[in-house]
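*Asks:* Shown below is the structure under consideration.
The values are calculated or read from the model by the stated rules, or taken from the named source; none is laboratory data. Because the structure is predicted, anything quoted here is derived from the model rather than measured. Don't worry about glycine lacking a Cβ; one is built from the backbone with ideal geometry, like all the others, and counts go over all protein chains shown. What goes into the accessible areas is simple: the full protein's heavy atoms, side chains included, and nothing from ligands, DNA or RNA. Shrake-Rupley method; radii C 1.70, N 1.55, O 1.52, S 1.80 Å.
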Amino acid sequence: MSVETRSFVEEARREKLRQISALGLSPFAYGYHRTHTAREALAAFRPDSSPVVRIAGRLVSLRGHGKTTFAHLADASDKIQLYFRADEVGSAGYELVKLLDLGDLVGVRGEVFQTKTGETTVRVREVELLTKALRPPPIGKEDAEGEQHGALRDPEQRYRRRYADLAVHPKVREVFALRARVVAHIRRFLDARGYLEVETPVLQPLYGGAMARPFTTHHHTLDATFYLRIATELYLKRCIVGGMERVYEIGKDFRNEGIDRLHNPEFTMLEFYEAYADYQDVMNLIEEMLAGMVHEFYGTHAIERFGKSFDFSPPWRRVTWTDLLREHAGIELRTADDPTLRRALERRAVADTAAMPRTRLIDESFKTYVEPNLEQPTLVTDYPIEISPLAKPKRGDLTLTERFELFVHGRELANAFSELNDPDDQRRRFEAQHAARAAGDEEAQQLDEDYIRALEYGMPPTGGLGLGIDRLVMILAGEPSIRDVILFPMLRPE
RNA sequence: GACCGGGUAGCUCAGCUGGUAGAGCAACGGACUUUUAAUCCGUAGGCCGCGGGUUCGAGACCCGCCCCGGUCACCA
């Protein structure tokens, strides 16, 4: 908002800013030495003593009563009531109190006591303005039931002004604290098993490791086109070739696709690779990792989310892709021809099937008929080879691959396989992708000669997995939209 | 990209069949030394998303556009 359109509310705050400056006080302090957080101050109360605390935070409520004022101060830990008396903070101090607004950041010193209604409160002896808030926080009033009235609710404003959303909604901050715990847990889990965390390029001359359209950019000095990575896969496997036997990366991938409540163009992916492991080993590992996480966080394997119960107790259901397609769609992959698949898709109102190559028909059939049914943690195994260009053929059935995906709540959370390490086979798979690309599949993978060269040096048998962190957090947090687990989701520029 | 819903005061929202733009909270002034959605009295605050049209008259109706949300499509 420009200066010209500054609202009267903001003008009032700027006027107070001038008055505070006129009192010789700085409206923007350099620091404050706290002795307690709000939570610690609340816990410090004793009926028989009045511990003195210094706390700092944002004013989230303000009730003036003439020569007394009540307020609530919120910091990252909690919120606590403040009680100002003109005769206790001094006339100069109370002048300042009268110029405080909702949203201002203050530091106070005082003793912890309880009011006659029993609320633990800081009886303020000294107050300092730490930062004047020149805009009103979009804060609501909380009634006795904890219900917010008038709080910022417009989703667009919540995402665009996440700082304001976070400032007034502790529950939003909790989601991101959970997200941090998820990532920390993953690191601990993998580190403890001898995995090495690595960082691979975000800017890549070729993109690969997944099916997606990339973001394209340009490096001036090299005068070369680069792509923002769509996956870390091919670089992590180069690390495996180089003898780093267990590696992982947690980082952003970028896919130039639509935005909806399950997709953000940049999102966070965990990928890990382990030499001498196959996809069965990886299944066991991811099961242990996530079941352990859920149990550590919630003390149980079964959690209630979205009005349903999700049970992460191992072992999870393991079922083959073809069995599921037969079970839910009545389709026998081996014998179903393309027209059969098209008819099946059209029955579910899937459009443009005429333009779909067989790989897409296969993929679509599964997505349409099977995926929505996979509520409980399910490991879907043995994907058709046509849609799995980086996975090893399945032992005993070369039409399938040793690949699995983890589904929870009807959504894919992870994708993993026994990694294809035969360079000649890999070249043929890339060439098939290349043909699909020529036939108009914009998401087909590019042929990466250097990756094949790496495989020619010899990649040990390897199991690897990719896990969508955002989607995992959505399930754990019970959030229906990916935007609610990403601090600053992509929006159209203002 | 398609369809549906939405955009009105700082925030949350109402606004009928087209007839002077509203409420609560927040703000400003006043009263109030244990309040807690504080209370009481008073005041101010609007490009009704943008542009065009219909009409004596449009926040409302029509057309176009912008933005957001939801659903679907693509994708993870």
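*Asks:* Could you order A:69, A:117 by accessible surface area, starting with the largest, using a probe radius of 1.4 Å?
*Replies:* Result of the area sort, largest leading: A:117, A:69.
*Asks:* Please give every one of the lysines within straight-line cross-link reach of residue A:171, meaning a C-alpha to C-alpha distance under 20 Å, and leave out same-chain neighbours fewer than 8 residues apart.
*Replies:* A:79, A:141
*Asks:* Please list A:111, A:119 in order of solvent-accessible area, largest first, computed with a 1.4 Å probe with all protein chains present.
*Replies:* A:119, A:111
*Asks:* So what is the calculated 222 nm ellipticity per residue for chain A, using -39500 (n - 2.57) for each DSSP H run with n of 4 or more, over all residues, to the nearest 500 deg cm²/dmol? Let's see the in-between values first.
*Replies:* On the way: 14 runs with 166 residues, N = 494.
-10500 deg cm²/dmol, from helical runs alone.
*Asks:* Enumerate the calculated ³J(HN,Hα) couplings along region A:192-200 in order (Karplus 6.51 cos²θ - 1.76 cosθ + 1.60, θ = phi - 60°), each rounded to whole Hz, writing x wherever the residue is Gly or Pro.
*Replies:* With coefficients 6.51, -1.76 and 1.60, one gets 5, 9, x, 7, 10, 7, 10, 10, 10 Hz.
*Asks:* Cα gyration tensor of region A:263-305, axes a ≥ b ≥ c as square roots of the eigenvalues: rounded (a/c below 1.5), prolate (a/b > b/c) or oblate? It would help to have the intermediate numbers written out before the result.
*Replies:* Details: a/c = 2.83, a/b = 1.17, b/c = 2.42.
Because a/c hits 1.5 or more and a/b fails to exceed b/c, region A:263-305 counts as oblate.
*Asks:* Using a Debye calculation, one point per C-alpha and no hydration shell, please list log10 I(q)/I(0) for region A:163-248 at q = 0.14, 0.23, 0.26 Å⁻¹ in order.
*Replies:* -0.76, -1.02, -1.12
*Asks:* List the lysines whose alpha-carbon lies under 20 Å from that of residue A:67, not counting same-chain residues fewer than 8 positions away?
*Replies:* A:16, A:98, A:116
*Asks:* Still on this structure: DSSP loop (so not H, G, I, E, B), at most 13 other Cβ within 10 Å: list which chymotrypsin sites (Phe, Trp or Tyr not before Pro) in region A:236-315 pass both filters. List each step's numbers first, then the result.
*Replies:* Details: sites: A:248, A:254, A:267, A:272, A:273, A:276, A:279, A:297, A:298, A:306, A:310, A:312; in loops: A:276, A:306, A:312.
Sparse-neighbourhood loop chymotrypsin sites (Phe, Trp or Tyr not before Pro): A:276, A:306.
*Asks:* To the nearest 10 square angstrom, what accessible area does residue A:490 show with a 1.4 Å probe?
*Replies:* 70 Å²
*Asks:* So what is the relative contact order of region A:412-494, in percent, for Cα pairs below 8 Å that sit 6 or more residues apart?
*Replies:* 36 percent
*Asks:* May I ask you to derive the relative contact order of region A:3-137, considering only C-alpha pairs under 8 Å and at least 6 residues apart, and to give it as an integer percent? Provide the component values of the computation, followed by the final result.
*Replies:* Values: 273 pairs, mean separation 38.2, N = 135.
For region A:3-137, the relative contact order is 28 percent.
*Asks:* Let me ask another. To make sure I understand the rule: partners must be lysines, Cα under 27 Å from the Cα of residue A:367, and not fewer than 8 residues away in the same chain. Which ones qualify?
*Replies:* Qualifying lysines at Cα under 27 Å: A:252, A:308, A:392, A:394.
*Asks:* A follow-up question, please. Taking region A:369-433, which trypsin sites (Lys or Arg not before Pro) meet the DSSP loop condition and have no more than 11 other C-beta atoms within 10 Å?
*Replies:* For trypsin sites (Lys or Arg not before Pro) across region A:369-433 that sit outside H, G, I, E and B with at most 11 neighbouring Cβ atoms in 10 Å, the list reads A:395.
*Asks:* Taking region A:21-92, which chymotrypsin sites (Phe, Trp or Tyr not before Pro) meet the DSSP loop condition and have no more than 12 other C-beta atoms within 10 Å?
*Replies:* Hits after loop and neighbour filter: A:30.
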